[in-house]
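Structure record follows, encoded as structure tokens.
Taken together, the values in this text are just the output of simple stated rules run on the coordinates, not laboratory data. None of these values were measured; they are calculated from a predicted model. For neighbour counting, all protein chains shown are included, and Cβ atoms are generated from backbone atoms with ideal geometry for every residue, glycine included.
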Amino acid sequence: MTALTAGNIRFKALILLVVLIASLGVAGCYAALQPQTIPLEVKEPLEIVGDTKSLSLYPGETVNFTVTVENHASVSYSASLSFTLNDTQYQQQFAIFSNTVYTVEPGANSLDASLFISSTAPAAELELTISITRDVEPTPTASPILNSTTSPTNSSISLTPVETLLGAGARWAAQNGTSALYIDWLDNYNLNIAEGTNWGPYWGVDYLSDIKNSTVEALEQQGFNVTCTGEVPNDLSSYSLVIFEAYYAVEPRDNQLIRNYLANGGDVVITGGVPCYLATYCKDMWPGETGGGNLSSLQDWFGSSQYVNSGGTSNLVVGNPFGTSLLAQNQLYYINAYSAAALTSMSSDSTVIARWSDGSVFAFTHQYLNGRIYYQVAVV
């Protein structure tokens, strides 16, 4: 009787334990399914701080200034400053602001900016509003590298304004011609390596490839058949247009070759610092040490007598150049440096297409006898 009672008690205790475990399990599942709502805020990390000083300048001048931005986050951002005058028409006609993509580190950042006012601008009392926007655009993918004899055939690639201008300028120069010889940086580099001539320094191969890809695409979209090379041939007459880009490919002795080519109806595109290397013999990046800035020896056919350095922002000074949709005063190009190519002392019959913010020339046209010349500082 006693053993049976004890067994019954143990049996009942096991039943109770199972019930408790089951109850606890159900309760646990029920609690986990209960939703909870909490506030969540994603804050804007960038803030323009500090007192902004007033700006003062005369027409035709550039003023540099600093904008202090506080990054409250613990990570860095790419961001751009926006500048708005309270007189929109005045801004569109006479004002050119720098257009830079900054890397904004955590904490306080001093961002350099600039404003150029056209020499034709009237005096004015204005108010300037400055804002900052984080750059959320995806990074573009790199283009494939081209070899010495081939070029891309996909004409659907969208061109940047500076690429569009180069292609249109080349089309203006060549008129109805379609055969183009492109003396490019990448092939000149490959030639240098193959021959062991030790010219240089060069920019990185990826950058040289980007330049070549962009230039060939801009030319092909204008209907050119492009042949690429790293050196200047002795005879240019087979081509309706020659594009001179690689500095180390040209020498002062090529001046007469180009002059004769133009006189016979050939057309040329000149880019970057090439004029310096036509003015002085140089196989490095410092032609100024041997007088390369003095372009008087080629002014008659080229259209400028002085090379200088500039940088920052360049803008169009004419609207719809060469029939493009590009607008006057629109930003064309930006580089965060002030050692880029630029020209001054233009011939009276040269036509300026774009200028750097300091007034020096970024792009222009010129005609010599039966030939046309288009100059542009850069394409990428």
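Each residue in Leu85, Leu262 was given a count of other beta-carbon atoms within 10 angstrom of its own, and listing them fewest first yields Leu85, Leu262. Positive end of the dipole of the range 161-376 (Cβ unit charges, origin at the Cα centre): among Trp185, Tyr277, Gly293, the Cα lying farthest that way belongs to Gly293.
Look at the alpha carbon pairs under 8 Å that are at least 6 residues apart: their mean separation over the length of the range 46-134 gives a relative contact order of 43 percent.
Relative contact order of the range 164-314: 25 percent, from C-alpha pairs under 8 Å at least 6 residues apart in sequence.
Amide hydrogen proximity for Tyr368: with H placed 1.01 Å from N in the peptide plane, the residues at 5 or more positions away or on another chain lying under 5 Å are Ile373.
For the range 161-376, the square roots of the Cα gyration tensor eigenvalues, ordered a ≥ b ≥ c, give a/c below 1.5, which places it in the rounded category. Of Ser297, Ser98, the sequence from fewest to most neighbouring Cβ atoms within 10 angstrom is Ser297, Ser98. Loop-located chymotrypsin sites (Phe, Trp or Tyr not before Pro) across the range 158-244 with a Cβ neighbour count of 16 or fewer within 10 Å are Trp203, with loop assigned by DSSP. Between Glu289 and Ala194, the FRET efficiency from the beta-carbon distance, with R0 = 22 Å, is close to 0.20. Going by neighbour counts of Cβ atoms within 10 Å, the residues Ser114, Ser179, Ser350, Ser339 line up, fewest first, as Ser339, Ser179, Ser114, Ser350.
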